[in-house]
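Working notes, beginning with the structure itself.
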Amino acid sequence: MLGRNARAFAGRIFTPPARLLLRLGVGPDAVTIAGTAGVLVSALVLYPLGELFWGSIAVTFFVLSDTVDGIMARTLGRTGRWGAYLDSTLDRFGDAAVFGGLVLWFARGGDSPLTAGLALLCLVLGSLVSYAKARAEGLGFTADVGIAERSDRLVAVLAATALVGLGVPRPFLTVVLALLAVASLVTVVQRMAEVRRQALAAADASPPRA
């Protein structure tokens, strides 16, 4: 769920547990579901309680442990479209939980409607970023462009939230969320422009009708 460097680090850490789980008869899909459940509980329980630091630590742990299912699948030789689909779909739940948990806290105990609103905006725009790519691929195009990939957005919001939980002034997170919202919107536009470019190129390459 995170970037390449984080995945490499997580791979070294979680390879032994992955092999242990395989010996115990646990499958990759079960780990994927359990990791997502961990993210959901961590974000939707700890964030609304104001535990921004420990909530971010818990979410990060479960996000990184999501690498375990990939290691298990590769070990078993079961990498395929189903695993990728399941992982991608459950990632959407995780994203919604992270930003949703922030919305719940800042709309209530955190007493910052602006921060809550920006978190909600990031949730919506993040979903549009993912949809723009998925819809493009469904039509036979690619949309692997943009300044705010999912891993970038997740790292930024978790790091900023953890820092605020340690005592950094709340406006820092507000600014980060505002920047993420702008970056997400730009990414949606970039992906739409890329798909349009490919669609026009495909139309120009089509042979004229008789």
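The values are calculated or read from the model by the stated rules, or taken from the named source; none is laboratory data. Nothing here was measured: the structure is a model prediction, and the numbers come from that model. Neighbour counts run over all protein chains shown; Cβ positions are idealised from the backbone, glycine included. The protein model used for the area step is the full one, side chains on, heavy atoms only, and it has no ligands, DNA or RNA in it. Shrake-Rupley method; radii C 1.70, N 1.55, O 1.52, S 1.80 Å.
So which of Leu185, Leu139 is modelled with pLDDT under 95, in contact with a helix residue (DSSP H, G or I) (Cβ under 8 Å, 6 or more places away or on another chain) and farther than 24 Å from Val41 by Cα? Checking each option against the conditions leaves just Leu139.
Restricting Gly126, Gly146 to those that are open to solvent by less than 70 Å² (accessible area, probe 1.4 Å), touching an Asp or Glu at 6+ places or on another chain (Cβ under 6 Å) and in contact (Cβ under 8 Å) with a residue 24 or more places away in the chain reduces the list to Gly126. Being β-branched (Val, Ile, Thr) and either in contact with a Ser or Thr (Cβ under 7 Å, 6 or more places away or on another chain) or assigned to a helix (DSSP H, G or I) (or both) is a property that Val188 has. How many residues does the range 1-26 contain that are modelled with pLDDT of 85 or more and either part of a loop (DSSP other than H, G, I, E, B) or touching a strand residue (DSSP E or B) at 6+ places or on another chain (Cβ under 8 Å) (or both)? Matching residues across the range 1-26 total 3. Is it the case, given these coordinates, that Ile57 is farther than 16 Å from Val157 by Cβ and either in contact (Cβ under 8 Å) with a residue 40 or more places away in the chain or in a helix (DSSP H, G or I) (or both)? Judged against the criteria, Ile57 is not a match. Selection of first residues in the range 75-88 that are assigned to a helix (DSSP H, G or I) and of second residues that are open to solvent by 50 Å² or more (accessible area, probe 1.4 Å), restricted to Cβ pairs under 9 Å at least 6 apart or on distinct chains, gives the following pairs, ordered by first then second residue: Thr75/Arg19; Trp82/Asp29; Gly83/Asp29; Leu86/Asp29; Leu86/Ile33; Ser88/Ala134.
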